[in-house]
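As structure tokens, the structure follows; a few thoughts come after it.
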Amino acid sequence: MSLQNHIVFTSALSANTRFFSPVAIGIVWGALLLAVGVIYRTYNISLSSQTWEFSRQIGLPFLIVEMVFIVFAGRKGFQIAPIWKNFPASTKISIIVFFTSMWVGAIFFSALPHLAIALNIGIAVHFLFGTALYYCLNEITTDDISGFAVVIVGSMFIFCIFTAWHFLSRPLFLNSIGQAESLQFAIPGFISVRLFGAVCGAILALLIALVFADKQDGKGRSWLYPAIVLVSGAMIWSGTRAALLGVVCALLTMFILYPVKIRVYASLKIMIGVCIGGAVAYLLIPNNDPAFLMFVTGDFQNTESATGGRLSLWKEATFAIMNNPFFGLGPGASRWAFAENIFPHAQPHNMILQFLLSWGLIGAIPAFWILGQLIWSAHKIALKKTIAIPIVTMMYSLIIMSMFDGILHFSRHFMMVVICFAIIFASGKKHRPA
């Protein structure tokens, strides 16, 4: 049985009882966005407490919420065994190999085994959370997708106001030009402004896809265009090129693969909205800090500058992988396994290198297979269920961004990917006859 057939088959597990909805998911995600911003509010690259910083690095609040939800789903009848029984053999083998081999590098080869083990546990929690969320969702409607988008945009609006207050109330010594670089790490709850931009990019891809998926160009959803102004402005303000690339490539993929037409009037309104958002964003850059600019003059001097230093990072990651190609060095190895002249990043800013560095060939190959199966199944659902296209586009943007940033490393972003897959697969469900 293929994974696609398994997704349809296991819809019977949810019967006709709706335990959770995409709107509720959006509310939980939005509440987390704000709560984590308050909990980890700082102006520095790291928190003063090592324990508190450790919890931020592994995304502890997100993992706690996911574990609570797994327990909630369990009380509603969620069980792994019936779902596991109907997985195709290739998926079963991949899951077994991955979840048994992933611990080798973390335990025996990592210089930070406590961090590597914690990050691996997070992967397992994300996997269970996604499965439980899928179980709790019933067949998805157009209003569900629209409601999900409304809630997360509303949460982003509140978060932007909170961030503005956070910046305006910063200590006086951070107002000087010499200290301006610190502000790129001052987004409440986010380790860097780029990770904030990645979230904005994913939401923007969803919003634009909703416009084109609507045969009336969004006329029935008047909130879409102001939302695009807000979210595109936030993305441009963050200076996140990976997000811009992710949005553009995801939308191109949507137009190429799915029955969505490019409509001139809608495109014009979107471009105007993005320009307005970008203009406002440029005026709000704190202290004219170049860290918030999408491009600066020096970016075009050489390929190293154009990639934001990623070429050196990828080169070091490749060398580290070659030193331990089979089991890897455990998640978070880029903090300690690279040359001393390389800034210690939390991850190598590339999903392929991240998987190989963390789990080696033995763990990465099944991980790639599982992810590939999920993406392929999501694509097949979108071909049959056009209602899934906006969420699939959002998922594509996140996967594309993962080739340039830690989307599948940090719990916040990993949770977004899992939520996308759960909603997509739920949209492929069919009500069981009464």
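The values are calculated or read from the model by the stated rules, or taken from the named source; none is laboratory data. Predicted model only: the values in this text are computed from it and were never measured. Methodologically, a virtual Cβ is constructed for each residue, glycine included, from the backbone with ideal geometry; neighbour enumeration extends over all protein chains shown. Each accessible area value is taken on the protein alone, full model and side chains, heavy atoms only, with ligands, DNA and RNA left out. Shrake-Rupley method; radii C 1.70, N 1.55, O 1.52, S 1.80 Å.
Would you be able to say whether some residue in the range 259-279 is aliphatic (A, V, I, L, M), in a loop (DSSP other than H, G, I, E, B), more than 21 Å from residue 187 (Cβ to Cβ) and open to solvent by less than 50 Å² (accessible area, probe 1.4 Å)?
Filtering the range 259-279 for residues aliphatic (A, V, I, L, M) gives 260, 262, 264, 266, 268, 270-272, 274, 276, 279.
Those left that are additionally in a loop (DSSP other than H, G, I, E, B): 260, 262.
Restricting the remaining residues to those that are more than 21 Å from residue 187 (Cβ to Cβ) gives 260, 262.
Add one more test, that the residue is open to solvent by less than 50 Å² (accessible area, probe 1.4 Å), and what stays is 260.
Looking through the range 259-279, at least one residue is aliphatic (A, V, I, L, M), in a loop (DSSP other than H, G, I, E, B), more than 21 Å from residue 187 (Cβ to Cβ) and open to solvent by less than 50 Å² (accessible area, probe 1.4 Å).
Please specify each residue of the range 98-119 satisfying the condition of being surrounded by 20 or more Cβ atoms within 10 Å (Cβ to Cβ) and within 16 Å of residue 324 (Cβ to Cβ). Once the filter is applied, which keeps residues that are surrounded by 20 or more Cβ atoms within 10 Å (Cβ to Cβ) and within 16 Å of residue 324 (Cβ to Cβ), the range 98-119 yields 101, 102, 105, 106, 110, 116. Of all residues in the range 296-337, those being β-branched (Val, Ile, Thr), within 28 Å of residue 110 (Cα to Cα) and modelled with pLDDT under 95 number 1.
Return a yes/no flag: does the range 385-395 have any residue that is touching a residue at least 24 places away in the same chain (Cβ under 8 Å), open to solvent by less than 10 Å² (accessible area, probe 1.4 Å), touching a helix residue (DSSP H, G or I) at 6+ places or on another chain (Cβ under 7 Å) and of a type in the set (S, T, N, Q). Before you say what the answer is, go through the steps one by one.
Step one: of the range 385-395, the residues touching a residue at least 24 places away in the same chain (Cβ under 8 Å) are 385-395.
Still in the running and open to solvent by less than 10 Å² (accessible area, probe 1.4 Å): 388-395.
Adding the requirement that they be touching a helix residue (DSSP H, G or I) at 6+ places or on another chain (Cβ under 7 Å) leaves 388-395.
Still in the list and also of a type in the set (S, T, N, Q): 393.
The answer is yes, given that some residue of the range 385-395 is touching a residue at least 24 places away in the same chain (Cβ under 8 Å), open to solvent by less than 10 Å² (accessible area, probe 1.4 Å), touching a helix residue (DSSP H, G or I) at 6+ places or on another chain (Cβ under 7 Å) and of a type in the set (S, T, N, Q).
Test residue 168 against the criterion of being more than 17 Å from the chain's Cα centre (by Cα) and open to solvent by less than 20 Å² (accessible area, probe 1.4 Å), and give yes or no. It is false that residue 168 is more than 17 Å from the chain's Cα centre (by Cα) and open to solvent by less than 20 Å² (accessible area, probe 1.4 Å). In the set (1) at pLDDT 95 or above; (2) buried (at least 24 other Cβ atoms within 10 Å of the Cβ); (3) over 24 Å from residue 119 (Cβ atoms), the condition left unmet by residue 376 is number (2).
Being within 17 Å of residue 133 (Cβ to Cβ) and at pLDDT 95 or above narrows it down to one residue among 107, 64; which is it?
Numbers: 107 fails: within 17 Å of residue 133 (Cβ to Cβ).
Result: 64 is the single residue among 107, 64 that is within 17 Å of residue 133 (Cβ to Cβ) and at pLDDT 95 or above.
Consider the range 309-333 and keep the residues that are among the small types (Gly, Ala, Ser) and buried (at least 16 other Cβ atoms within 10 Å of the Cβ). The one that is nearest to the chain's Cα centre (by Cα) is 332. Evaluate the following for residue 58: is it open to solvent by less than 70 Å² (accessible area, probe 1.4 Å), modelled with pLDDT of 95 or more and out of contact with any Phe, Trp or Tyr (no Cβ under 8 Å at 6 or more places or on another chain)? Here the answer is yes, as residue 58 does meet what is asked. Within the range 226-235, can one find any residue that is part of a helix (DSSP H, G or I), of a type in the set (Ser, Thr, Tyr), surrounded by fewer than 24 Cβ atoms within 10 Å (Cβ to Cβ) and modelled with pLDDT of 95 or more? No, the range 226-235 contains no residue that is part of a helix (DSSP H, G or I), of a type in the set (Ser, Thr, Tyr), surrounded by fewer than 24 Cβ atoms within 10 Å (Cβ to Cβ) and modelled with pLDDT of 95 or more.
May I ask you to verify whether residue 78 is surrounded by 18 or more Cβ atoms within 10 Å (Cβ to Cβ), aromatic (Phe, Trp, Tyr) and outside any helix (DSSP H, G or I)?
Details: surrounded by 18 or more Cβ atoms within 10 Å (Cβ to Cβ): yes; aromatic (Phe, Trp, Tyr): yes; outside any helix (DSSP H, G or I): yes.
Against the criterion (surrounded by 18 or more Cβ atoms within 10 Å (Cβ to Cβ), aromatic (Phe, Trp, Tyr) and outside any helix (DSSP H, G or I)), residue 78 qualifies.
If the condition is being at pLDDT below 95 and either assigned to a loop (DSSP other than H, G, I, E, B) or closer than 17 Å to residue 235 by Cα (or both), then the range 195-217 contributes 214, 215, 216, 217.
Can you tell me which residue in the range 343-373 is nearest to residue 424 (Cα to Cα), limited to those that are open to solvent by less than 30 Å² (accessible area, probe 1.4 Å) and part of a loop (DSSP other than H, G, I, E, B)? Selected residue: 350.
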